[in-house]
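**Q** The structure that follows is given in the form of structure tokens.
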Amino acid sequence: MKLTKEQVLTISKGDQEIADFITGLLVVMDQQAKRIKQLEACVHELERQLGQNSHNSSKPPTSDGLRKPTNLRQAGGKKGAPKGHPGHTLRFCSNPDEVVTHTLEDCSRCASLLTTTTYETRQVFDLPAPRVRVTEHRAQLACCSACGLEQRADFPAHVKAPTQYGDGFTAWTAYLHAYQMLPLERIAALFEDLMGLRPSEATLLSMLGRMHRQLEQAEQDIRKILFQKPLVHADETGVRVKEQLHWMHTVYTSDYTWLAIHDRRGSKGMNALGQLPFYLGTVVHDCFTSYFVNEYRFTHALCNAHLLRECKGIAEHDRHQWAASMVELLQESWQLVREYRQWEKPIPAEVVDAICSHYDEILKDAPYEWAKISKGKAKSKSENLAVRLAKYKPEILRFLWDAHTPFDNNQAERDLRMVKVKQKISGCFRTLEDATQFARMRSVISTLINQKLAVLPALVSSLAGQLRFG
């Protein structure tokens, strides 16, 4: 409350001492009002942080605890597979390993002899008990009858010791370590429990090092193929290497995965790894600033799942109707696009224009000042989100007119989620070499699985230099 000197003197009936006292009280009240406003803002932000979960922010699902979160997904009708889904089940094997014939002796009604006509078949798929297969290599020793030279036949190049583990152990170790995220101690325990042999951790590390070297060409094949893809997904997540923060970067499609580690998250890390700076297609990513640096020449498509979570958080905590309206618009637009894509038809131009117009109308209700945008002074969560929605509108709505652009970046996030699982199991990578080995092996194994190829035989073939992509 502000009063002029004349008003204060009038209230104090001309007494200067009372006027000074009132003026001092007013100054204190003004300071208290400002402080209360600051504290209210702090409380508001703390309440926002307490209310955040994986469905209204970028926090991981593991941070939700035992609370039942609100699901952003829309109901798809009846339970079960969607209409038209082919489904899958065990298929009959044309060459079974064993055939057991069940015969009839005589007729169950009159005891007469039976004439065989045909068979009804059923097949049981089962796993045999694991066992170690030992191969003994014998190199002939001989002496020349003419000159007396003692000679020995050559052992295969990969047989270097009197006793050693074979390529199967190496393939299993790489798969269990890089894809199933088992620590070395548990891998050794698994081999001992199932097969009666327990390799030392040093032996397992040696196997992983060998597999890493042999997969170099396969990794280069993956990178070359990703350069040729018209659209890729990109993301990064923090990991600990020797207790220091590093970043696992990924470039991903539905059939190829590439992971790499670097100590920087932004453009310095991306440039050093060398995949995105030379890519010319479309990259689906979150709205991380480094993706928009000037030297990158790819087309941008933003992840709408991130934006939905942020809008939901604003709607829940700040009670802003515009954010709830944006959630509804984006979800309905994606549902409409999915229907048109199922019909293999482009969405009509007038429908796209209507959605874009509605998008702009919603943003007009957002509580921010347009004058602040050019000066970069937007401060609140709501203001920052509204600015991004306005600035990157074409990148956000690209899925409307580009039939190859997905709605979200969930593919890349799913692949990186397992990196976080690895960190939770093992704590952190002990060395940068360990993290680099994990990234390469995970890249190749994920690619094999995406392409529905048998993982273990492929890894064994890689040890002979026979695994290639493309």
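Bear in mind these aren't lab numbers, they're just calculated from the coordinates by the rules spelled out. Predicted model only: the values in this text are computed from it and were never measured. As a convention, Cβ positions derive from the backbone with ideal geometry for all residues, glycine included, and neighbour counts pool all protein chains shown.
**Q** Provide the gained length on full extension for the span E17 to R297, in nm with one decimal, where the gain is 0.36 nm per separating residue minus the Cα-Cα distance.
**A** On the way: separation 280, 0.36 × 280 = 100.80 nm, distance 7.16 nm.
Gain on extension, E17 to R297, equals 93.6 nm.
**Q** Something else now. Taking 41 Å as R0, compute the FRET efficiency from the Cβ-Cβ separation of L50 and T163 and round it to 0.05. Don't skip to the end; give the middle numbers.
**A** On the way: r = 59 Å, r/R0 = 1.45.
The value I calculate is 0.10.
**Q** Also, I was wondering about something else. Quick check on the chain: of the DSSP beta bridges with both residues there, what percent are antiparallel, nearest 5%?
**A** On the way: 18 of 26 bridges.
That works out to approximately 70 percent antiparallel.
**Q** A further question on this structure: In the neighborhood of Q180, defined by Cβ-to-Cβ distances under 13 Å, what is the net charge if each Lys or Arg adds +1 and each Asp or Glu adds -1?
**A** Numbers: positive: R186, K422, R442; negative: none.
Neighbourhood net charge equals +3.
**Q** Between the DSSP loop rule and a limit of at most 16 other Cβ atoms within 10 Å, which trypsin sites (Lys or Arg not before Pro) in the stretch 143-248 are left? Mind dumping the intermediate values first?
**A** Details: sites: R152, K160, R186, R210, R213, R223, K224, R240, K242; in loops: K160, K242.
When the trypsin sites (Lys or Arg not before Pro) of the stretch 143-248 are filtered for loop state and at most 16 Cβ neighbours within 10 Å, K160, K242 remain.
**Q** Okay, next question. Trypsin sites (Lys or Arg not before Pro), restricted to the stretch 316-349: which are DSSP loop and have at most 14 other Cβ atoms within 10 Å?
**A** Working: sites: R319, R338, R341; in loops: R319.
Sparse-neighbourhood loop trypsin sites (Lys or Arg not before Pro): R319.
**Q** Further, regarding this structure: Multiply the residue separation of S94 and E201 by 0.36 nm, subtract the distance between their alpha-carbon atoms, and state the gained length in nm to one decimal. Before the final figure, lay out each step's value.
**A** Values: separation 107, 0.36 × 107 = 38.52 nm, distance 4.15 nm.
Computed gain between S94 and E201 is 34.4 nm.
**Q** Give me the extension gain from S108 to R417: residue separation times 0.36 nm, minus the current Cα-Cα distance, reported in nm with one decimal. Don't skip to the end; give the middle numbers.
**A** Numbers: separation 309, 0.36 × 309 = 111.24 nm, distance 6.03 nm.
Net length gain for the segment: 105.2 nm.
**Q** Mind checking the stretch 112-161 for GluC sites (Glu not before Pro) that DSSP puts in a loop (not H, G, I, E or B) and that have at most 16 other Cβ atoms within 10 Å? Numbers along the way, then the final one.
**A** Numbers: sites: E120, E136, E150; in loops: E120, E136.
Listed in order of number, the matching sites are E120, E136.
**Q** Here's another thing I want to ask about it. Over 22 Å between C-alpha atoms is what I'm after, so list which of K312/K393; K381/K422; K420/K452 land there.
**A** On the way: K312/K393 18 Å; K381/K422 32 Å; K420/K452 24 Å.
Correct reply: K381/K422; K420/K452.
**Q** Report the Cα centroid-to-centroid distance between the stretch 172-211 and the stretch 298-358 in angstrom, as an integer.
**A** Answer, in whole Å: 46.
**Q** Along the Cα→Cβ direction, 7 angstrom out, place labels at N384 and A41. What is the inter-label distance in nm?
**A** 1.4 nm
**Q** Could you tell me which label, among [x] 86, 50, 43; [y] 85, 52, 52; [z] 132, 77, 44, carries the value of Cα extents along the principal axes in Å calculated for this structure?
**A** Only one listed value fits the structure, namely [z].
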